[in-house]
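One structure is given here, and the rest of the page talks about it.
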Amino acid sequence: MSVSERLTELGIELPVVAAPVAAYVPAVVRDGLVYTSGQLPFVEGALPATGKVGAEVTAEDANAYARTCALNALAAAAAAAGGVDRIAGVLRLGGFVASTPDFTGQPGVINGASLVLGEIFGDAGQHVRAAVGVPVLPLDSPVEVEATFILA
């Protein structure tokens with residue numbers, strides 16, 4: 001089954017690629033891989049929430065935002081690669097969670113990104129990953145995810 005067929009089966013529609021908020025491109029293709037810039041959880045051009053996980057944002061909501069970030073990263077990768085069916089799998093995810101100093105659930109938050117990519121790619125969605133707590137992210141976003149995808 002192709003990636004586009006799997007997305008349809010899951011009822012997932014990839015979003016429009018978010019415009020960069022600074023001097024960079026959303027994704028770059030090199031040597032059989034697609035590297036994405038950090039993706040915020042933009043939905044129709046706006047952040048669904050701002051603030052820190054453990055304060056203004058719950059871990060459950062942040063998990064859903066990480067899922068959105070992953071879909072935004074996949075959309076950026078697909079645009080750079082010439083279509084989503086050119087993406088064969090996931091190599092690596094980097095997840096950043098703007099959180100309070102006492103919040104230690106960053107891995108659970110970034111699971112939102114990992115799990116959706118696993119649903120889409122199956123075994124080819126297994127990846128290495130980092131989940132890092134940070135004091136602040138661009139635009140006061142609670143979550144940011146970057147990814148490296150494998151080309152077909």
*asked:* Yes or no: the stretch 44-52 includes at least one residue that is of a type in the set (D, E, K, R), over 22 Å from GLU13 (Cβ atoms) and open to solvent by less than 50 Å² (accessible area, probe 1.4 Å).
replied: yes
*Would you confirm whether any residue within the stretch 142-149 is of a type in the set (Ser, Thr, Tyr), out of contact with any Ser or Thr (no Cβ under 9 Å at 6 or more places or on another chain) and under 23 Å from VAL16 (Cβ atoms)?*
no
*Residues satisfying the stated conditions in the stretch 101-113, i.e. out of contact with any Gly (no Cβ under 8 Å at 6 or more places or on another chain) and part of a helix (DSSP H, G or I)*: PRO107, GLY108, ASN111, GLY112
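Listed here are the residues, each with its yes/no results for (1) open to solvent by 20 Å² or more (accessible area, probe 1.4 Å); (2) among the aromatic types (Phe, Trp, Tyr).
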position: ALA78; (1), (2): no, no
position: ASP85; (1), (2): yes, no
position: LEU91; (1), (2): yes, no
position: PHE96; (1), (2): yes, yes
position: GLY118; (1), (2): yes, no
position: HIS127; (1), (2): yes, no
position: PRO135; (1), (2): yes, no
_Taking the condition of being in contact with a helix residue (DSSP H, G or I) (Cβ under 9 Å, 6 or more places away or on another chain) and closer than 18 Å to GLU144 by Cβ, how many residues in the stretch 78-93 meet it?_
2
*Of the residues in the stretch 98-116, how many are within 17 Å of the chain's Cα centre (by Cα) and open to solvent by 10 Å² or more (accessible area, probe 1.4 Å)?*
6
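The values are calculated or read from the model by the stated rules, or taken from the named source; none is laboratory data. Quick caveat: nothing in here was measured; it's all calculated off a predicted structure. Note that we place each Cβ from the backbone using ideal geometry, even for glycine, and neighbour counts take in every protein chain shown. Heavy atoms of the whole protein, side chains included, go into the accessibility calculation; ligands, DNA and RNA do not. Shrake-Rupley method; radii C 1.70, N 1.55, O 1.52, S 1.80 Å.
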